[in-house]
Structure formats: C-alpha cells, structure tokens
Amino acid sequence: MIYIWPKLKDMRQKIVAGNWKMNTSQAEALTLAGELVDGLNGSETATLIVCPPFPWLVSVKAKVASAGISVGAQNCSNMEKGAFTGEVSPAMLQSAGISHVIIGHSERRAIYHESNSLVADKVNIALKNNLSILLCIGETLEERNAGKLHEIIDEQLTEALKSVSAEDFKSIIIAYEPVWAIGTGLTASPEQAQEAHAYIRTKLAAIASEQIAENMSILYGGSCNASNAATLFAQKDIDGGLIGGASLKSEDFLTIARSF
C-alpha cells in the first residue's frame, strides 16, 4: 500500500477572521452576529473569528458561541492592570471568555504610533494570559516601492516574536497586511501576496523552526473580499484572511469563509 502524505497547506488551520473596527451599534452588532449564525450551512471549512468593538464583545460571544464562532478583541494593553485610563488588559479579555486578540494592526501602528517594541510587549502579555494572537505585519506603499518589503517584515517579526517560546508559537496567527491595500480598494495580486507570505514563512523558520513555520497559519489582510478570496486562498502559503469591510456584511463574510 502506498501512503500519500497530505500537503502541508492542507494540514494548517484555515482561518477567516472579521475585524469590525469602529463600526456597529449594539443592535447592529447582534443582528450581524445572528445573521452569521443563521447563515452557516456546514460548507465552511475555515475556523471563523469575529472581532467586534470592545463594548459588544461579551454580547456577541453569547450570540455566536453555539455556532462555534470564536470572538476576538481588536486590541489590548501592554500592561497587566493599574492607572491606565481607557485601556483594556489581556487579563480582562481572558476573564470575559474572549479567545483571540488582534495585535499590531496597521491602523494602530500608523494612527496611534505603536512601535515594534510596544507590539512585542503586547504579544508577551497576551500570551501570558492565554490569548491567541492575530499578529499583523506589513509594509506601506512607500516601503514597498523602495524595495523594503523584506526589511520591514524582518523588523516586525523579529521584534514581536523574540521572546516567544516554542510552545507559545501555537497561539500565534500571522496576518500579512500590505498597508497600501487596506481600505483603498487596492489588493495585492495573488502573486504579490504569495511572495510575501512565502517570505514570512521563511523568516518564521529562521526565528523559530521549519516545523513551526510550516504549521503556522498566515492570513492575508489587504482588501480581501467575496470576489477575490478564492484566488488568494488558492495560493500555497495563504491560509485565510483577516477581513475588514467585507466582514460587516454577513453574506460576504460567509462567502469568503467558503472560498477554500
């Protein structure tokens, strides 16, 4: 009998995560969550995660829990607790039953000037509190045009993961965000996205190990939508998507989830 080994891509977890950003009222968030639950038909092979705004995390979690949809926060503090008005700690998220958190999103880096060092601190404290991390990395258009794609990826990954143990790598998902393709209507071509994802996997092998790199899910996060998801997800090193605007429409989000 000849045993055919499964493709490495087929062994990695497929993930489609929705980042709702600063959108939805409570009623809209619960309606959207309900539509997702009602719209599932069993053909979705990906793990689904939704990341609503902080005020709706617990109520959305209650709405989608029975359907096996995970709920993540869009950010967290780099501090455990204390006099940090307006911040939300990883311990708070964990105690509320939240399983995932987005760290290092390009909007946090650009608008709120979060440094690679701060991102690393958030990664470490989130792992300490048993949260799974959607770690965002990616280059601006200026950086890409200057030929700095690899340099930026190197810097962001090396700093964020320098203190992560081999065991904790199991709790990390990478989301590649070409910053120039977020909310602009532009999308990296499948070839551009694959090249970046393949390089990220090579870099992960150097930072951790080849086994960890091959097992880690790497998501595409640049204007992925219902029309282009299947083509992007067909690439060797793309294991799903971190979805922005399209995650606010249940039909589009579920179409993306069925695009593998």
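The values are calculated or read from the model by the stated rules, or taken from the named source; none is laboratory data. Computed from a predicted model, the values in this text were never measured in an experiment. Note that each Cβ is placed from the backbone with ideal geometry, even for glycine, and that neighbours are counted across all protein chains shown.
Count, please, the residues in segment 157-190 that happen to be of a type outside the set (V, I, T) and over 17 Å from G222 (Cα atoms). Full working, then the answer.
If we filter segment 157-190 for residues that are of a type outside the set (V, I, T), which is where we start, we get 157, 159-163, 165-171, 175-178, 180-181, 183, 185-186, 188-190.
In the following step, the residues that additionally are over 17 Å from G222 (Cα atoms) were identified as 157, 159-163, 165-171.
Summing the residues that are of a type outside the set (V, I, T) and over 17 Å from G222 (Cα atoms) in segment 157-190 gives 13.
Which members of segment 63-91 meet the condition of being among the charged types (D, E, K, R) and farther than 30 Å from E44 by Cβ? Spell out the reasoning first.
Residues of segment 63-91 that are among the charged types (D, E, K, R), as a first pass: 63, 80-81, 87.
E80, K81, E87 - these are the residues of segment 63-91 that are among the charged types (D, E, K, R) and farther than 30 Å from E44 by Cβ.
I'd like the residue in segment 172-222 that is of a type in the set (V, I, T) and modelled with pLDDT of 95 or more and, out of all such residues, is surrounded by the most Cβ atoms within 10 Å (Cβ to Cβ).
Here is the first cut: in segment 172-222, the ones of a type in the set (V, I, T) are 172-174, 179, 182, 184, 187, 200, 202, 207, 212, 218.
Adding the requirement that they be modelled with pLDDT of 95 or more leaves 172-174, 200, 202, 207, 212, 218.
Numbers: I172: 22, I173: 24, I174: 28, I200: 23, T202: 15, I207: 17, I212: 17, I218: 25.
Taking the candidates together, the pick is I174.
Sort out which residues of segment 102-119 are within 16 Å of the chain's Cα centre (by Cα) and either outside any helix (DSSP H, G or I) or in contact (Cβ under 8 Å) with a residue 40 or more places away in the chain (or both), and write them in order of number. Show your work before the answer.
Residues of segment 102-119 within 16 Å of the chain's Cα centre (by Cα): 102-109, 119.
Once the filter is applied, which keeps residues that are within 16 Å of the chain's Cα centre (by Cα) and either outside any helix (DSSP H, G or I) or in contact (Cβ under 8 Å) with a residue 40 or more places away in the chain (or both), segment 102-119 yields I102, I103, G104, H105, S106, E107, V119.
Hey, among the residues in segment 66-84 that are within 24 Å of A257 (Cβ to Cβ) and either at pLDDT below 95 or of a type in the set (S, T, Y) (or both), which one's nearest to the chain's Cα centre (by Cα)?
Start the filter on segment 66-84 by keeping residues that are within 24 Å of A257 (Cβ to Cβ), which leaves 66-75.
Filter once more, keeping what is either at pLDDT below 95 or of a type in the set (S, T, Y) (or both): 66, 70.
On the way: S66: 22, S70: 12 Å.
Looking at the filtered set, the residue picked out is S70.
Can you work out which of the residues in segment 233-249 that are in contact with a Gly (Cβ under 8 Å, 6 or more places away or on another chain) and surrounded by 24 or more Cβ atoms within 10 Å (Cβ to Cβ) is nearest to M11 (Cα to Cα)?
Only one residue fits best here, namely G241.
E87 - would you say it is charged (D, E, K, R), modelled with pLDDT of 95 or more, closer than 26 Å to G183 by Cβ and more than 18 Å from the chain's Cα centre (by Cα)?
Values: charged (D, E, K, R): yes; modelled with pLDDT of 95 or more: yes; closer than 26 Å to G183 by Cβ: yes; more than 18 Å from the chain's Cα centre (by Cα): yes.
Judged against the criteria, E87 is a match.
Identify the single condition in (1) over 18 Å from I15 (Cβ atoms); (2) in contact (Cβ under 8 Å) with a residue 12 or more places away in the chain; (3) outside any loop (DSSP other than H, G, I, E, B) that I133 does not satisfy, given that it satisfies every other one.
Here I133 meets the rest and fails (1).
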